[in-house]
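What follows is a single structure, written as structure tokens, with notes after it.
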Amino acid sequence: MSTSGRPYHHGDLRAALLDAADALLDEGGDGAVSLREVARRAGVSPTAAYRHFADKEALLAALALRGFEAFGAAMGAAVAQGAGAPHVARGRAYLRFALARPGRFRLMFGPLLARSPAHPDLLAASRQAFTALQANAGGRDAALRSWGMVHGLAHLLLDQAIPEAGEAEALIERLIC
């Protein structure tokens, strides 16, 4: 029975919980995500949520993993579209992803990642993302340089720390070439 009085009929309750958490993340960042609220939004009891996630950190790790999967798909799609050199396409996709989903982006690269050894799937996904960034970048140092630039620019835009933040797309086109 759900907390709203309606029975739930999720084919995949874990996915429904992640969808609810994703919406909360978009609304207010990781501080807005709680297992109790995720369960309420999914229409189930908090106990049902705890059957899928041991605690909030486990939920956030699963959400960050989902983010890395979407992130990898976005970069892959950008390269597949053939819009310029692969490293340029990846850089633009990186920034567009960050701007489209700031809560997800901040979660993926936030303090949770430092605890990723407790979440091996998350650690593997973050390493896979860097491997994708490294492809066609001209080596590890060049990849780190590029990554630092696009990651820093993403945060500057998200934090509206630069005057061009309102014209992000034009800035992306101008700087990522």
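As a test of the formula, what do you get for the chain when each DSSP H run with n ≥ 4 contributes -39,500 (n - 2.57) and the sum is divided by the residue count, at 222 nm and rounded to the nearest 500 deg cm²/dmol?
About -21500 deg cm²/dmol.
May I ask for the equivalent-ellipsoid semi-axes of the chain, computed as the square root of five times each C-alpha gyration tensor eigenvalue and listed largest first in whole Å?
33, 17, 14
How high is the relative contact order of the chain, in percent, with contacts defined as C-alpha pairs under 8 Å that are six or more residues apart?
Relative contact order for the chain comes out at 20 percent.
Please compute the length gained on full extension between SER34 and ARG115, using 0.36 nm multiplied by the number of residues separating them and subtracting their Cα-Cα distance.
Going from the current span to full extension adds 27.3 nm.
For region 127-134, what does the Karplus curve 6.51 cos²θ - 1.76 cosθ + 1.60, with θ = phi - 60°, yield as ³J(HN,Hα) per residue in whole Hz, taken in order and with x for Gly and Pro?
5, 5, 4, 5, 4, 5, 5, 5
Between ARG140 and ALA58, what is the FRET efficiency for a Förster distance of 35 Å, r being their Cβ-Cβ separation, to the nearest 0.05?
0.65
For the chain, modelled as a Gaussian network with Cα springs under 10 Å, which listed residue fluctuates most, ARG106, ARG90, ARG115?
ARG115
For VAL88 and ALA23, what does the FRET efficiency come to when R0 = 25 Å and r is the distance between their Cβ atoms, rounded to the nearest 0.05?
0.20
Send over the per residue convex hull volume for region 76-177, Cα only, as a whole number of Å³.
Per residue, the Cα convex hull of region 76-177 comes to 104 Å³.
Would you please give the FRET efficiency between GLU167 and SER45, computed as 1/(1 + (r/R0)^6) with r the Cβ-Cβ distance and R0 = 45 Å, to the nearest 0.05?
0.45
How far is helix 56-80 tilted, in degrees, relative to the longest principal axis of the Cα atoms in the chain, given as a value from 0 to 90 rounded to the nearest 10?
Between helix and principal axis, roughly 40 degrees.
If we count other beta carbons within 10 Å of each Cβ, what is the order of ASP22, ASP159, fewest first?
Ascending Cβ contact count within 10 Å gives the list ASP159, ASP22.
Loop-only check: which trypsin sites (Lys or Arg not before Pro) in region 7-75 are DSSP coil with at most 14 other Cβ within 10 angstrom?
ARG51
Which one, GLY29, GLY138, GLY72, has the greatest fluctuation when you compute a Gaussian network model over the chain with C-alpha springs under 10 angstrom?
Residue with maximal mean-square fluctuation among GLY29, GLY138, GLY72: GLY138.
A short reminder: the numbers here are calculations on the coordinates, not readings from a lab. Note that the coordinates shown come from a computational prediction; the quantities given were computed from them, not determined experimentally. For neighbour counting, all protein chains shown are included, and Cβ atoms are generated from backbone atoms with ideal geometry for every residue, glycine included.
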